[in-house]
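Please read the structure below before turning to the comments.
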Amino acid sequence: MSKRIVKWKLPVDYEWHPVPGPFHHALVDTYDPGVVLLWGFEQEEPLPFEIRVFGTGHDIPDEANCVGTVRHEQTGLVWHVLARPVPDEMHSEHVATSDELGGES
């Protein structure tokens, strides 16, 4: 199977969003002060992950890993995208696709 790179649009709402992961070689960018864009390889056998946008200085859970950081050019705000695996007991049947988070291939 060939790989695809997909894009997710993450709202800067400081909430966790379920996505298929893990993320490898991700790129983070922004053009809108309320949205962070994330590109990454689509996984053949995805695991349930959650991603969230954090601001500089915010407390970060120990289990979260940095996927990338971006600075909004016009406002100077800096955001950090972090991911964490979803614990087994919290797995749900539904994980958001890139399309559902406003992404595209």
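Each value in this text was obtained by applying a stated rule to the coordinates, not by laboratory testing. Remember, predicted model here, so these are calculated numbers, not experimental data. Glycine also receives a Cβ, built like all others from the backbone with ideal geometry; neighbour counts cover every protein chain displayed.
Annotations for the structure displayed:
- With contacts taken as Cα pairs under 8 Å and at least 6 residues apart, the range 5-90 reaches a relative contact order of 31 percent.
- For the range 5-90, a/c is not less than 1.5, where a ≥ b ≥ c are the root eigenvalues of the C-alpha gyration tensor, and a/b does not top b/c. That puts it in the oblate class.
- Ranked by how many other Cβ atoms sit within 10 Å of their own Cβ, fewest first, the residues 62, 29 fall in the order 62, 29.
- Footprinting exposure proxy ranking of 63, 44, fewest other C-beta atoms within 10 angstrom first, gives 44, 63.
- Extending 7 Å from the Cα toward the beta-carbon at both residue 31 and residue 60 defines two label points whose distance is 2.7 nm.
- The HN-Hα couplings worked out from phi for the range 70-80 by the Karplus form 6.51 cos²θ - 1.76 cosθ + 1.60 (θ = phi - 60°) are 9, 10, 6, 4, 7, 9, x, 5, 10, 10, 10 Hz, whole numbers, x standing for Gly and Pro.
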